[in-house]
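Read-outs throughout are calculated quantities, based only on the coordinates presented, and are distinct from any laboratory measurement. Since we're looking at a predicted model, the values are computed, not measured. Backbone-built Cβ (ideal geometry, glycine too); neighbour counts: all protein chains shown.
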């Protein structure tokens, strides 16, 4: 009983988030369900499973949510170990109450798609649903479509298709980091740069030109002066110099 009440509470809470004009559904912990055609935001029956349901957010992206485990003492009523989704009450309940019924063991031709399906992209290419009269749904997936040169897939682009190719500078920092950490993604090279270590030090940080991300930062050391004194990194002039020239306010501290 507790599991059913808790499930109903979660469902109501998520619906409230979905219909709120000032809030956005947090889908960071959910599994995106590609190929599902959302007709609006809300809860929907899963096409293949009774033990899961589909959540469509305000951008018409589909996510799979698994129902909770059955409560203790209800194993005989719950042979799969999980509750079933009830489309009438929009909550997960015991199978005998949910009335989900048998689900198809196979899905439709995976190459077929509805023309309003979300496009799915990564790096500089994406999968697109293209009109095809031979398809029972009117469309068929075309995989690996390349963005125009200098463009990258932007999943945050405000589009009914779930994203668009966009200029690199328009991508969020999170998306840029994801693409830069992908060795197979040909991201723009990062310009070389030098950074001071935040203290009086003869060391500094150097990122070579053409690096893909900050993991390639190197620690460099200033040489000794002709008189044998240690030189210190001067961030303002991007070179090694005397301690007082590099850190005038810390001259006495560093010397």
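When you scan the range 55-70, how many residues do you find that are farther than 29 Å from residue 157 by Cβ and not in a strand (DSSP E or B)?
The total comes to 3.
Please go through the range 66-91 and pick out each residue that is closer than 13 Å to residue 43 by Cα and free of Cβ contacts under 8 Å to residues at least 60 places away in the same chain.
Passing the criteria: 66, 85, 86, 87, 88.
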